[in-house]
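> Here it is, the structure in full.
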Amino acid sequence: MLRFTLERFVGMVFTMLLVSMMVFLIMEIPPGDYADRYAFRKYSGTGVNVTEADVQAIRVELGLDQPMLVRYFDWIGGIVLRGDFGQAFAFETSVTKVIGDKVWLTAGILFATLILTYMISVPIGIFAAVRRGSAVDYGLTVFSYLGLALPNFLLALVMMYFANLWFGADIGGLFSAEYQNAPWSLARVWDMLKHLWLPAVVLAWSAVAYQIQTVRATMSDELNKLSVTAARARGVPERKLLIKYPARLAVNPIVSTIGFDVNRIFSELPIVAVVLGLTELGELLLKAYLDLDMNVAGAILLMLTFAIVFMNFLSDLLLAWLDPRIKLGAT
Amino acid sequence: MSTILDVKNLTLSFRTDEGLVKPVRDVSFSLERGKTLGIVGESGSGKSVSTKAVMQLLPGIASVDPASQINYTAKNGETFDIAKIRPGDPRMGKIRGGEIAMIFQEPMASFSPIYTIGNQIMEAIQLHRGLNKRQARELAIEMLDKVGITNPVARVDQFPHEMSGGMRQRAMIALALSSGPQLLIADEPTTALDVTIQAQVLRLMRDLQAELGMSMIFITHDLGVVAQVADDIAVMYKGEIVERGTVRDVINTPQEAYTKRLLNAVPRLDRVVPPKPLNNNRRLIDVRNMSVDFEVRKKKLFRTEVEKVRAVNNVTFDILKGETVGLVGESGSGKTTVGRAMLRAIDPSEGEVVFHRKKKGDIDLAHATEAELQEVRSKLNMAFPEGPVQLHSLGSDLLRRFRPEMSLVFQDPYSSLNPRMTVRDIIAEPLVASGLMNSREKIDERVREIAARCKIDLEHLRRFPHAFSGGQRQRICIARALVSKPKFVVCDECVSALDVSIQAEIVTLLKEIQAEMGVSFLFIAHDLAVVAQISHRVAVMYHGQFVEYGPTEKIFFNPQHPYTKALLSAVPHPDPDAQFNPIRFDGEMVYPIATRTPQGMSLRIPERGQAATDRPIELIEIDDGHFVACRLQDGPVSSESRVLEPA
């Protein structure tokens, strides 16, 4: 297992390296460079005539005249060594400041959504497979299609309406007014959790619908395996049998797609965030693209891709634990 | 003597899309304590499903008819009707495993791949024996040892996929017996195993049954197996028991028509009359010193190591025109690889495969128009100038054009037919793919001709394969293989998946076709009796090499190589009075030493531990056309060695 872990870890670091290069290339794609845009923004409307020499001066000052490889190492080195993502151009401050708390809020939403998705879909999917063909099963199938068909923003609106109706609270945003700008404290975390469930439920909705079908399908296959019949024939009690044999393998496809789920949830986040009045990274990413603020965009992209690669690493380890054949096959 | 299980009027109903189906009707049988009941029947006869009812392991769509009784006498003497016990009753949990244990056909699939063998055996022990984990582990190791698994202390922590099929089935028996059942239900436990392994497992089960005083229900389609293990026998046909009685009575003097038919269809090695060797020497294919290597990739940390495994090692033989050469051997011996390499489906690594042809462009398309014929001829002539075709060195383009001359019939008629093509299109495919025929009418005509010959209803040509039974599908496969009028067909286990009665029909069909078309077959099979029925000559393979090769009669009735002898002795005959004493073959290969004598050749087996000669192992002709793998030694027979006596 140690060797397997090590192998996958090395693979993960290598992938992250490649990904960071690609992100850097994406940052370089928009026409003009940081110096151009900096100069334009600084002097536009001031009546100062900007010459090519001025821009070149800025370029030298910011180190943008260096070859691409050097700039890449500057950029990634700053991130890895100092946690410095460079200057956010549009906000005239460091990227770190711009992103700030949003990282943790976004991570919180992502994480809560993932947990919620798996906690609901795995047991229900297993249950549906065991009761295949029953009314419960058909009911869940209908729910699944509803979940898949319903747009997120619509669900968000509907849920916000009812949450407001039943709980009365201002349910939009991630914090109540009094905690909006308060420093981090236990109370503030609690307040966040109280607000977190709504976006998590909205985002988990379609994921649950989808994953129930996945678990149900693999569980149905596993239930028909001879090894399950054999276990039943040696008298293993039904509940223990279900968990020990088919269920452990039935979660396999879910575990192997944790990385995809992260990506999917992040993509769906902005529109839900707009409806629910959240400030998070997805929205910021969009804004950064529109402003051609590539340092901010790059930082967010990098964090997202790193998160996905890391989740994939975790899912590899989890899979190897769930199904020892994977580990043994690799060595 | 007391009855342990008494099944009365068992009727099962399955709710299916086609309505209510009754796969088991009015089945009654009983089992005495310590005895073995064999249930025989062909696939779909309901033999397996009726025993599943005893364990309440029926699928969800099944229901037991209220009139059915499954009276079971538990260890504590209490008798109750399992058919009346509701699911979830604690008594059932005790019966399953604790009182009645079950082993299944597929040793691959009956263990869960994600837990070790030990984990699953210990689970059964802890459920029924009330032992703690450490004791359970000790007992598991003891049981593994008892079923003949070497090094059980290490094996107990292995995963199922780290074991061979035979070993897994032993482990399954260990599991079943470890919880101390008084009745063992074995559902085709040896069907998936090689014949030598089957013999070992049968013997093991017989010994353990005697030792533990267990009762046993043995479900099988193999009358040879049932004759060796069972006391009583019940013959099932289409969901009903047609005949019941002692093994001796039923097999020696069957009363019912179905039983008689079944017994007639079984190929019997002890009574077979093999075809006489052909009396010509018109060679069709020459295989000379052919070897096939496979590359096995082993993933190491950060790199991949490529290892070569020799699947076929230096094989030399020939096939005559219109001849069937049988190829037998256990799984993994390289039979299939020989067949595929001869067709160039895989490339031989060394050696030659030469395809002889009478005259150039020797192609016989009876119904082609003159223009078509011209076209085909010119294609073939350009591709293949006069003389034999060196198949082993043919480039891919030429090989494709040569394809219609050879073809292949696979083992599994279910997966070898494309479900999205009609039967007509399936059969026509070789003609279309090779460009041999272009006109639709001609193709149709040829397809109808060969389909009729293979006894396929012409009405069926428009249907899709899913509508057909295994036997019908195999006919389609054969028609497809023969549609291009090939000279050579490899039949790779082509009757293994079929019931005996269907098997007999297919074998007859192949013989008839051979007599008419003069086609040559390489008949690969693990069932020695079928091979004996159809083959003019037979080759026995072991670990990629031929160990014995010659006329069928000589191989089966006068085997010389110890491996051939072991293989033949492992076949159980459907004769309750026959002695079943398989020679135990433990994998250590002893090659005989051949010496030239004035009379010809004499063979002797070197004593154990005796230094083997440094001579290479080679196929030596010890008799007319009878080759044995041995080491050739000059000089007289030494006194301390024993001379092989003819069997």
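The values are calculated or read from the model by the stated rules, or taken from the named source; none is laboratory data. What you see is a predicted model, and the numbers here were worked out from it, not measured in a lab. Heads up, the Cβs are rebuilt from the backbone with ideal geometry, glycines too, and the neighbour counts pull from every protein chain shown.
> Select from the stretch B:147-157 the residues that are among the charged types (D, E, K, R) and surrounded by 20 or more Cβ atoms within 10 Å (Cβ to Cβ) and list them in ascending order.
B:Arg155
> Here's a follow-up. Would you please list the contacts, defined by Cβ atoms under 7 Å and residues six or more apart or on different chains, that run from a residue in the stretch B:450-465 that is in contact (Cβ under 8 Å) with a residue 40 or more places away in the chain to a residue that is charged (D, E, K, R)?
Pairs found: B:Cys454/B:Arg475; B:Lys455/B:Arg475; B:Arg462/B:Arg424; B:Pro465/B:Arg473.
One line per residue, one yes/no per condition, for (1) in contact with a helix residue (DSSP H, G or I) (Cβ under 6 Å, 6 or more places away or on another chain); (2) assigned to a loop (DSSP other than H, G, I, E, B):
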{"position": "B:Phe546", "(1), (2)": "no, no"}
{"position": "B:Gly550", "(1), (2)": "no, no"}
{"position": "B:Glu553", "(1), (2)": "no, no"}
{"position": "B:Pro559", "(1), (2)": "yes, yes"}
{"position": "B:Ala566", "(1), (2)": "no, no"}
{"position": "B:Pro574", "(1), (2)": "yes, yes"}
{"position": "B:Gln579", "(1), (2)": "no, yes"}
{"position": "B:Tyr591", "(1), (2)": "no, yes"}
{"position": "B:Arg596", "(1), (2)": "no, no"}
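> Among the residues of the stretch B:410-444, what is the count of those that are out of contact with any Asp or Glu (no Cβ under 8 Å at 6 or more places or on another chain), farther than 29 Å from B:Thr337 by Cα and surrounded by 14 or more Cβ atoms within 10 Å (Cβ to Cβ)?
3
> How many residues are buried (at least 19 other Cβ atoms within 10 Å of the Cβ) and either hydrophobic (A, V, I, L, M, F, W, C) or more than 9 Å from chain A (Cβ to nearest Cβ) (or both) when one looks only at the stretch B:104-125?
Going through the stretch B:104-125 one residue at a time, the tally reaches 10.
> Now, a different point. Scan the stretch B:49-105 residue by residue and report those that are under 37 Å from the mean Cα position of the chain (by Cα) and at positive phi.
Within the stretch B:49-105, B:Gln56, B:Gly97 meet the criteria.
> Something else about it: Does the stretch A:201-210 contain at least one residue that is surrounded by fewer than 20 Cβ atoms within 10 Å (Cβ to Cβ), farther than 19 Å from B:Gly93 by Cα and in contact with a Ser or Thr (Cβ under 8 Å, 6 or more places away or on another chain)?
yes
> Evaluate the following for B:Arg15: is it charged (D, E, K, R), assigned to a loop (DSSP other than H, G, I, E, B) and within 14 Å of chain A (Cβ to nearest Cβ)?
Considered against the rule, which asks whether it is charged (D, E, K, R), assigned to a loop (DSSP other than H, G, I, E, B) and within 14 Å of chain A (Cβ to nearest Cβ), B:Arg15 comes out as no.
> Could you say which residue among B:Glu305, B:Glu352, B:Glu323, B:Glu330 is modelled with pLDDT under 85 and either over 30 Å from B:Ala227 (Cβ atoms) or of a type outside the set (S, T, N, Q) (or both)?
Answer to the selection: B:Glu305.
> For the stretch B:158-176, give me each residue that is crowded, with 20+ Cβ neighbours inside 10 Å and away from every other protein chain (no Cβ under 11 Å).
If the condition is that a residue be crowded, with 20+ Cβ neighbours inside 10 Å and away from every other protein chain (no Cβ under 11 Å), then B:Gly166, B:Met167, B:Arg168, B:Gln169, B:Arg170, B:Ala171, B:Ile173, B:Ala174 are the ones that fit.
> All but one of (1) in contact (Cβ under 8 Å) with a residue 60 or more places away in the chain; (2) of a type in the set (Lys, Arg); (3) touching a Leu at 6+ places or on another chain (Cβ under 7 Å) hold for A:Arg216; state the number of the condition that does not hold.
(3)
> For the stretch A:211-251, which positions are farther than 29 Å from B:Phe104 by Cβ and either aromatic (Phe, Trp, Tyr) or crowded, with 20+ Cβ neighbours inside 10 Å (or both)?
Result: A:Gln211, A:Ile212.
> Follow-up question, since we're still on this one. Count, please, the residues in the stretch A:128-167 that happen to be touching a Ser or Thr at 6+ places or on another chain (Cβ under 7 Å) and farther than 24 Å from A:Arg216 by Cα.
Residues meeting the conditions: 0.
> For B:Tyr72, are the conditions met, namely being within 16 Å of B:Gln182 (Cα to Cα) and either among the acidic types (Asp, Glu) or buried (at least 17 other Cβ atoms within 10 Å of the Cβ) (or both)?
When the stated conditions are applied, B:Tyr72 passes them.
> Another question about this same structure. Select from the stretch A:126-159 the residues that are in contact with an Asp or Glu (Cβ under 7 Å, 6 or more places away or on another chain) and without any contact (Cβ under 8 Å) to a residue 12 or more places away in the chain and list them in ascending order.
Across the stretch A:126-159, the qualifying residue is only A:Arg131.
> Could you list all residues from the stretch B:398-429 that are in contact with a helix residue (DSSP H, G or I) (Cβ under 6 Å, 6 or more places away or on another chain) and either of a type in the set (D, E, K, R) or within 30 Å of B:Pro388 (Cα to Cα) (or both)?
Those that are in contact with a helix residue (DSSP H, G or I) (Cβ under 6 Å, 6 or more places away or on another chain) and either of a type in the set (D, E, K, R) or within 30 Å of B:Pro388 (Cα to Cα) (or both): B:Leu398, B:Arg401, B:Arg403, B:Pro404, B:Ser407, B:Val409, B:Arg424, B:Ile427, B:Ala428.
> Among the residues of the stretch A:187-199, is there at least one that is touching a helix residue (DSSP H, G or I) at 6+ places or on another chain (Cβ under 7 Å), in a helix (DSSP H, G or I) and within 24 Å of A:Thr257 (Cβ to Cβ)?
yes
> Another question, then. Just need a number here: residues in the stretch B:489-527 that are under 13 Å from B:Ile319 (Cβ atoms) and among the hydroxyl-bearing types (Ser, Thr, Tyr).
1
> Something else about it: Please return the ranges of helices (runs of 4 or more DSSP H) entirely within the stretch A:212-331 where 1 or more residues are within 11 Å of another protein chain (Cβ to nearest Cβ) and charged (D, E, K, R).
In the stretch A:212-331, A:226-233, A:238-242, A:324-330 are the helices (runs of 4 or more DSSP H) which contain 1 or more residues that are within 11 Å of another protein chain (Cβ to nearest Cβ) and charged (D, E, K, R).
> Looking at B:Arg473, is it at pLDDT below 95, part of a helix (DSSP H, G or I), within 16 Å of B:Met517 (Cα to Cα) and among the charged types (D, E, K, R)?
no
> Still on this structure, I have one more. Among the residues of the stretch B:91-103 satisfying the criterion of being touching a helix residue (DSSP H, G or I) at 6+ places or on another chain (Cβ under 8 Å) and basic (Lys, Arg), which is farthest from the other protein chains (Cβ to nearest Cβ)?
For the stretch B:91-103, the residue satisfying everything is B:Lys94.
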